[in-house]
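Note sheet for the following structure.
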Amino acid sequence: MKLSHPPLGELLEGKEVVICAGSGGVGKTTTSAAIAAGLAARGLKVCVLTIDPAKRLADSLGLEELGNDARRVDPALFKAQGIEMEGELWAMMLDPKATFDELIARQAPDEESRDRVLENPIYQQISGALAGSQEYMAMEKLFELHTEGDFDMLVLDTPPSRNALDFLEAPRRLTQFIEGKSLKVFMKPTGFAAKVAGRGATVALSVMKRIVGFDLIADLAEFFNAFSGMVDGFQARAKRVNKLLAAPSTCFLVVCGPQGEPIDEAVYFHRKLVEAKLPFGGVIVNKVHYPAEKLRGEAGDLPATLAEKLGDEDLAQRVAANFSDYQALAERDARNIEHLAREMRATGVIRVPYLDEDVHDLAGLAQINRYLFATGEERVAMAAGRA
Amino acid sequence: MIVTGKGGVGKTTVSVALGMRAAAEGRRTIVCEVAAQENASRMFEHTTVGFHEVELEENLWAISIDPDESMREYVLLQLKVRAMRDMLFRSRIFNYLAAATPGLKELVTIGKIWELAQLDRKVKTGCKYDTVIVDAPATGHGVGFLQTPRTFANIARVGPIHSQAKTLDSFITDHENTGVAIVALPEEMPVNESAALEHDLVSEVGVAVDRVYLNGLYPERFSKEEAERLGELAATEDGAAKAAARAALSEWGRARSQRAQLARLRRRAQAPVKTLPFLFEPDLGPEAARRLSRRLT
């Protein structure tokens, strides 16, 4: 099966937002950084954002740390790797709590409402500590940066793919949560609301009080009350965030590895994107073992050939055994990628080989960058130069 | 035993291997998956692991903890009346709160893990387990996940949720009976992250980290002197011999850099570091996990 290799530069032509999604451990952060660096090298002003609480992005860009503000990466660092930065590369590591606080400050109608939320104990707990708030806030920051319009391109590195789905639902969930509509209705079981809610709901509430305790329900009600006055603002904003995600200027790239599990997740995520009518751009498969396919026929007498060349039978055996191990992995990768391409109707599968060196610094990033932005032919030629 | 680490490091394989090991030693063991990953189902091809305890082999069970199902079970245990539970699940307010409250899914998941670990099970049809192994979410989320009970205990200052959340927090931070194993890979960033994760787990969550498993370590198949000879061969030959020599050189280079990462991890981790070999197998099934289980101590 012939796979098409669209050059990444072409794929991202005219885009303003790139969202890299995929399961964990597939090199998503490195890929995001390499894409951002590649676009910056081509003259754009690019910002790469991560919501990954691990400091991977900072690590891979050779920065000591990243804050909630965008920081510019020194172009001299890339020059040392042979990459001339015609544009600018900026990076940011999202602080979910600080972003949430900023958002509240912006949406609150007055200082008193703002402080009522910021000082609410439930707010303080959920805005920083609980799993899930990061996804809400990544979206928000992306939208904010896009609205400010200081960058030509934003590249977002998302958390692992099961969460990436949470990520897609983040604006809707945030609004629903902030609204607290149902709960407020039930907390005031008098007047019009009670008539609408009906008796069944009152029973449900009393049952819930038995399970969770009255104080918690009361605290939650106070929490949601504190948000009243901000609901419309949040709703309007969530709508605009959704619009940005679905805009033709946005591009979702799915990043995965060549093993069965990451490939299945990539297929799953691609399907979800299509269902949600979000702009899918392509898949990047990292750490692919390239096979020396043409040589498979000769491999039978390989140990003998090697023994003759090396004059060392024991070494020849080990070299041949190692080679066949690698071939098996390469064949698995090829099978899995073929499956992936079939599932996605062969649109935009970009393969990055498993490099000899562990990719963790700018040198590695520069190497990945060359693969990502190479045209199909260049990529094949580069792969042939390797094992 | 809670198994955590960054994504893609083989937490599921290690969890299953640990389960097999415990089962082989005669302990009744259950491996729990969270967040509906169903990775263990993938490992045992003919078994679908869902929200029920499935016996995989002698002494070894598995369950995939679905938060919605856990919630239903929990509420039923609280109310003791099925009709009341069903009424609650039909009510808009309950569904709204269950979906909107961040961290609730994690909380009921940990609640289910706790329930599985009790010798006096709440679910009367369930077995009594000697060992419960949890295939936990990836780094970052892993810390948040384990902190959930404390967060809830702080939010609900009094009442049943408060006391139950406190019970779960004590369960997780019980150094006598609950331990965490971190799975790492022999690469620069995963080693950094594992060291940072260990620090956060110990100082922020307060759990006992018992072990760090360095997974996927390549064998040292070639010596430096042999690598030099293979380098010459790769430079002068063509065809299969060249490709094989190059593959050997890649292997040698990776094995060497992995040893350097192992040394770094040993310097940085507080808990003892154990290594697990890379398995040159296209797909990791139960047999692979079994071989790993024999390497576990």
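The values are calculated or read from the model by the stated rules, or taken from the named source; none is laboratory data. Every value quoted in this text rests on a predicted model; they were computed, and no experiment measured them. Cβ atoms come from the backbone with ideal geometry, glycine included; neighbour counts cover every protein chain shown. In case anyone asks, the SASA skips ligands and DNA or RNA and just uses the protein heavy atoms, side chains included. Shrake-Rupley method; radii C 1.70, N 1.55, O 1.52, S 1.80 Å.
Taking amide H as placed 1.01 Å from N in the peptide plane, A:Val48 has its amide H under 5 Å from the amide H of A:Trp90, A:Ala91, A:Met92, A:Val155, each at least 5 places away in sequence or on another chain.
Shown here for region A:310-347: trypsin sites (Lys or Arg not before Pro) in loop regions (DSSP other than H, G, I, E, B) with at most 13 other Cβ atoms within 10 Å, namely A:Arg345. Kirkwood hydrodynamic radius computed over region B:108-183 comes to 13.3 Å, based on all pairs of distinct alpha carbons. Of the trypsin sites (Lys or Arg not before Pro) found in region A:263-293, those that fall in a DSSP loop while having at most 11 other beta-carbon atoms within 10 Å are A:Lys277. Rolling a 1.4 Å probe over the heavy atoms of the protein chains gives chain B an accessible area of 41 Å² per residue. In the complete set of protein chains, residue-level accessible area for A:Thr30 is approximately 20 Å², probe 1.4 angstrom.
Considering only the Cα atoms of region B:217-297, their convex hull presents on average a projected area of 7.0 nm². For region A:39-117, the Cα-based Rg and Dmax, in that order, read 16.6, 54 Å. The longest stretch of chain B left intact once loop-based GluC sites (Glu not before Pro) with at most 12 other Cβ atoms within 10 Å are removed from consideration, loops following DSSP, is B:59-175.
Surface composition of chain B: carbon and sulfur atoms hold 50% of the protein heavy-atom accessible area at a 1.4 Å probe. Only beta bridges with both residues in chain B are counted; by DSSP, about 10 percent of them are antiparallel. Modelled label positions at B:Ala24 and B:Val81, each set 7 Å beyond Cα in the direction of Cβ, lie 5.2 nm from each other. For region A:236-284, dividing the convex hull volume of the Cα atoms by the residue count gives 68 Å³ per residue. When trypsin sites (Lys or Arg not before Pro) are flagged only if DSSP places them in a loop and at most 11 other Cβ atoms lie within 10 Å, the longest unflagged stretch of chain B comes out as B:129-297.
With a cut-off of 14 Å between beta carbons, the residues surrounding B:Ser223 carry a summed charge of -1, where Lys and Arg count +1 and Asp and Glu -1. Using only protein heavy atoms and a 1.4 angstrom probe, determine the accessible area buried between A and B, summed over both sides, in Å² to the nearest 100. Separately minus together, A and B give about 6500 Å² buried. Each residue of region B:246-257 was assigned a 3J(HN,Hα) from its phi angle through the Karplus expression (A = 6.51, B = -1.76, C = 1.60, θ = phi - 60°), giving 5, 4, 5, 5, 4, 4, 4, x, 5, 4, 5, 5 Hz with x at Gly and Pro. Entry note, chain B: the mean residue ellipticity at 222 nm calculated from DSSP H runs of n ≥ 4, each adding -39500 (n - 2.57), is -17000 deg cm²/dmol after division by the residues and rounding to the nearest 500. Neighbours of B:Glu58 by Cβ distance under 12 Å: Lys/Arg scored +1, Asp/Glu scored -1, total -1.
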